[in-house]
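First up is the structure itself, then whatever we jot down about it.
The values are calculated or read from the model by the stated rules, or taken from the named source; none is laboratory data. Since the model is a prediction, treat every value here as computed from it, not as a measurement. FYI the Cβ positions are ideal-geometry reconstructions off the backbone, even for glycines, and counts take in every protein chain you see. Please note that ligands, DNA and RNA were not included when accessible areas were found on the heavy atoms of the full protein model with its side chains. Shrake-Rupley method; radii C 1.70, N 1.55, O 1.52, S 1.80 Å.
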Amino acid sequence: MNSKKYFALAKENGIDVCELSLSKDTSLNFEIFKGEVISYSVEFSKGISSRGIFNNKLGASFTEKDDKDTYMFLINAIKDSASLSETLDEAIIFKGSEKYKKKSTFSKKLAAWTVDEKLKICHEIEKKLIAADSRISDVEVMYSDSSSESEIINTYGLHLKSKSNYFTIYASIVVKEGAEIKSYYDLIFDNDPAKIDVDKFVKDIVEAGLRKLHGESIKAGSYKGVLSRNCVSSLLNAALSSAVAESVQKHTSVWEGKLNTKVFSEKLTIYEKPLANNFFYTYFDGEGVATYNKTVIEKGVLKTYFYNLVTAKKDNVASTGNGTKNGSKVGTSFGNIFVKPGRLSEEELIKKIGNGVYISDISGLHAGLDANSGNFSLQAEGFHVVDGKLGSPLTLFTVSGNIFELFNSVIAVGNNLKLLPSATFVPSIAFKGLKISAE
């Protein structure tokens, strides 16, 4: 699309300030079951969105077409949506930051990885899982990868581009022994195929799956416990949503008025690092504002809210580079959340709590967690901890409490950091006062 031609036409139609956002996404997905590829798809999508200021209101438009009618379609849609807009927010299209820290994390290795090679490694994983133990009855392996390109251009001369890619290999097993049936899954999430260790991946899945057999119930009560990285990630993301400035300004955040005050345990320091060298790296946000690494929680003290251009204007501060846009509506997001690691391994965390519970998985967050109040009641899986060691597996139980109280009851932070698909780089954490009830 010729941006200069489009902007000139927009100006002729009363839109002096205009922005184009271009996106291209390609994905591959397939599934292997019982040695056969039972599903296979390649998807490609392209989008052109535009925003413009018309009669002091912000309008927006979107299309997947790029033909002779596209220019006027976008322009007319901007004028229509601006005319219908009832928002009192200032219409803002960003001129650009003084400096951007541009870097490419696009993996040429992944881009060159052939479909045959991807299929081969997934078949290998399936065969090795099936052969690992006679109690493994079913195996499923799924592969997906994605490549994304985005571009922002506006009438102020701003022109930004980014490109990223990653893959996911998901493998699950069903374990049967007598009448007992358990399941377990794990995944590889990266953008470098050379990092795949098939034997370790298979070994970890098999051991974790078999370990779930012969589950015992747990008595209701309050326990010391260690939460796995996945559990920490889910609960932490929910808690940090209270730092979104829009929630604060709408008086729905428990952290309203809490800047530079203690909100978490002093054992926790948390960063947002959009410039970290991984495939979540991004040097500009959805509004074109330069991103930067920042401390969100320092030794338990809240140091910043997450701002976009509109919410920053309301508080008379600069945007923190956390803006998103969906049509003419601006929003806020955060990602690449890093928890400063402690000194203890997960095994040492378990040893430290002595007796309690290790929670490996939680589920039901959409229905069982209120991010505003912090109250949660979630189905969980895990193990007894007896004399500092993992004991017997537990049948399904419920863990409940309040996420803000939970992150104020930290015993110790682990050192087993791992980058997760939730865009968090977190370790396991030991807590006190976990409220447990049996299913």
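For beta carbons closer than 6 Å, sequence separation of 6+ or different chains, a first residue in the stretch 175-201 that is open to solvent by 80 Å² or more (accessible area, probe 1.4 Å) and a second that is of a type in the set (Ser, Thr, Tyr), the qualifying pairs are Lys176/Ser137; Tyr185/Ser172. Restricting to the stretch 317-328, count the residues that are touching a residue at least 24 places away in the same chain (Cβ under 8 Å) and either open to solvent by 50 Å² or more (accessible area, probe 1.4 Å) or within 15 Å of Asp285 (Cβ to Cβ) (or both). Total satisfying the criteria: 8. Is there a residue being in a strand (DSSP E or B), open to solvent by less than 80 Å² (accessible area, probe 1.4 Å) and touching a strand residue (DSSP E or B) at 6+ places or on another chain (Cβ under 6 Å) anywhere in the stretch 112-128? There is no residue in the stretch 112-128 that is in a strand (DSSP E or B), open to solvent by less than 80 Å² (accessible area, probe 1.4 Å) and touching a strand residue (DSSP E or B) at 6+ places or on another chain (Cβ under 6 Å). Among the candidates Ser81, Ser97, Ser85, Ser104, the residue that is out of contact with any His (no Cβ under 8 Å at 6 or more places or on another chain), of a type in the set (Ser, Thr, Tyr) and modelled with pLDDT of 95 or more is uniquely Ser97. Scanning the stretch 423-439 for residues that are farther than 18 Å from Lys340 by Cβ and surrounded by fewer than 21 Cβ atoms within 10 Å (Cβ to Cβ) turns up Lys432, Gly433, Lys435, Ser437, Ala438, Glu439. Does the stretch 304-315 contain any residue that is in contact with a Cys (Cβ under 7 Å, 6 or more places away or on another chain), in contact (Cβ under 8 Å) with a residue 24 or more places away in the chain and open to solvent by less than 10 Å² (accessible area, probe 1.4 Å)? No: the stretch 304-315 contains no residue that is in contact with a Cys (Cβ under 7 Å, 6 or more places away or on another chain), in contact (Cβ under 8 Å) with a residue 24 or more places away in the chain and open to solvent by less than 10 Å² (accessible area, probe 1.4 Å).
Identification of strands (runs of 3 or more DSSP E) wholly contained in the stretch 344-422 with 1 or more residues that are modelled with pLDDT of 95 or more yields 356-363, 375-386, 389-393, 397-402, 410-413. Evaluate the stretch 220-243: report whether one residue or more is at pLDDT below 95, outside any helix (DSSP H, G or I), hydroxyl-bearing (Ser, Thr, Tyr) and surrounded by fewer than 16 Cβ atoms within 10 Å (Cβ to Cβ). There is no residue in the stretch 220-243 that is at pLDDT below 95, outside any helix (DSSP H, G or I), hydroxyl-bearing (Ser, Thr, Tyr) and surrounded by fewer than 16 Cβ atoms within 10 Å (Cβ to Cβ).
Residues in the stretch 204-215 that are free of Cβ contacts under 8 Å to residues at least 24 places away in the same chain and surrounded by 13 or more Cβ atoms within 10 Å (Cβ to Cβ): Asp204 alone.
Is at least one residue of the stretch 5-17 free of Cβ contacts under 8 Å to residues at least 60 places away in the same chain, open to solvent by less than 80 Å² (accessible area, probe 1.4 Å) and not in a helix (DSSP H, G or I)? No, every residue in the stretch 5-17 fails to be free of Cβ contacts under 8 Å to residues at least 60 places away in the same chain, open to solvent by less than 80 Å² (accessible area, probe 1.4 Å) and not in a helix (DSSP H, G or I).
Here are Leu58, Leu74: which of them is crowded, with 17+ Cβ neighbours inside 10 Å, touching a Ser or Thr at 6+ places or on another chain (Cβ under 7 Å) and either assigned to a helix (DSSP H, G or I) or modelled with pLDDT of 95 or more (or both)? Checking each option against the conditions leaves just Leu74. Taking the condition touching a Gly at 6+ places or on another chain (Cβ under 7 Å) and under 28 Å from Asp387 (Cβ atoms), does Lys212 pass? No, not satisfied.
Scanning the stretch 290-302 for residues that are farther than 26 Å from Asp89 by Cβ and either at pLDDT below 95 or in contact with a Ser or Thr (Cβ under 8 Å, 6 or more places away or on another chain) (or both), we see that the one that is surrounded by the most Cβ atoms within 10 Å (Cβ to Cβ) is Ile297.
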